[in-house]
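Notes to accompany the following structure.
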Amino acid sequence: MLTRALRILKPRSIPGSSLHHRSVCFSAPSPAFSSGAISRTTAEIDAVEAVAYLDPAESSTAIPVIIMPGNLQPRVVVYDGVCHLCHGGVKWIIKADKYRKIKFCCLQSKAAEPYLEVSGVTKEDVQKRFLFVEGLGFYHQASTAALRVVSYLPLPYSALNAFSIVPTPFRDSVYDYVAKHRYDWFGKAEDCLVLKDKELLERFIDRDELNDRS
């Protein structure tokens, strides 16, 4: 009976993943990223979150503790910082994200480059479709990225993730149409718009770089 119980309690690796269940965090070698696989399946993400531990330093709500390579951080939105529509979306997320789970980075910053590299995308890709680096090996673009971001927000905002049931090609076609016309409809700035809303900078991983530029 004791042997059987120990066998059940023995940590097991997650099927289909190089992440292993450790006592306090996730640890994994650098995975082979593919630019053709921008978004992992919801089932894979749920499998990772199922063995995640609470990060009490961030909030009283359970947040997956995920280790990123080097000095990279998880749950980072990389977006077109000169786009008025994108900047408005960032301000909305910051206001709704009372547990401060999501961080941001302007595409035009050098700090964004390692996130692009680890995700296998280019600046041109992110100018068309913003990037959400959720964790090691979990990164998304376009409508799926937006839905993964809102899933981290408290209710009622997280309920928007229900739109995941809409087929991805349809969601992305709407996203791409708006993205294609966003400069004409909403305008474009010369530099990252967050410099005009410096109270938001504390949520940006590239804030030191932006401050130096200002």
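When each of Ala142, Ala159, Ala179 is tested for being among the small types (Gly, Ala, Ser), on the phi > 0 side of the Ramachandran plot and within 21 Å of the chain's Cα centre (by Cα), the lone residue that passes is Ala142.
Among the conditions (1) charged (D, E, K, R); (2) open to solvent by 20 Å² or more (accessible area, probe 1.4 Å); (3) in contact with a Phe, Trp or Tyr (Cβ under 9 Å, 6 or more places away or on another chain), the only one that Lys91 does not satisfy is (3). Looking across the stretch 111-125, the residues that are open to solvent by less than 50 Å² (accessible area, probe 1.4 Å) and not in a helix (DSSP H, G or I) come down to Gly120, Val121. Scanning the stretch 151-172 for residues that are under 17 Å from Lys98 (Cα atoms) and free of Cβ contacts under 8 Å to residues at least 12 places away in the same chain yields Ser151, Leu155, Pro156, Ser158, Ala159.
Kindly evaluate Val174 against the criterion of being at pLDDT 95 or above, aliphatic (A, V, I, L, M) and out of contact with any Lys or Arg (no Cβ under 9 Å at 6 or more places or on another chain). First the steps, then the outcome.
On the way: at pLDDT 95 or above: yes; aliphatic (A, V, I, L, M): yes; out of contact with any Lys or Arg (no Cβ under 9 Å at 6 or more places or on another chain): yes.
For Val174, the condition - at pLDDT 95 or above, aliphatic (A, V, I, L, M) and out of contact with any Lys or Arg (no Cβ under 9 Å at 6 or more places or on another chain) - is met.
Scanning the stretch 78-103 for residues that are over 21 Å from Phe138 (Cβ atoms), of a type outside the set (Lys, Arg) and either part of a helix (DSSP H, G or I) or in contact with a Ser or Thr (Cβ under 9 Å, 6 or more places away or on another chain) (or both) gives Gly81, His84, Leu85, Cys86, His87, Gly88, Trp92, Ile94, Ala96.
Can you pull out the residues in the stretch 116-133 that are in contact (Cβ under 8 Å) with a residue 24 or more places away in the chain and farther than 22 Å from Gly88 by Cβ? The answer is Leu116, Val118, Ser119, Gly120, Val121. Scanning the stretch 138-151 for residues that are in contact with a strand residue (DSSP E or B) (Cβ under 9 Å, 6 or more places away or on another chain) and either in a helix (DSSP H, G or I) or over 24 Å from Glu124 (Cα atoms) (or both) yields Thr144, Ala145, Ala146, Leu147, Arg148, Val149.
The values are calculated or read from the model by the stated rules, or taken from the named source; none is laboratory data. Keep in mind that this is a model prediction, so the values were computed, not measured. Backbone-built Cβ (ideal geometry, glycine too); neighbour counts: all protein chains shown. Ligands, DNA and RNA are excluded from the accessible area calculation, which covers all protein heavy atoms including side chains. Shrake-Rupley method; radii C 1.70, N 1.55, O 1.52, S 1.80 Å.
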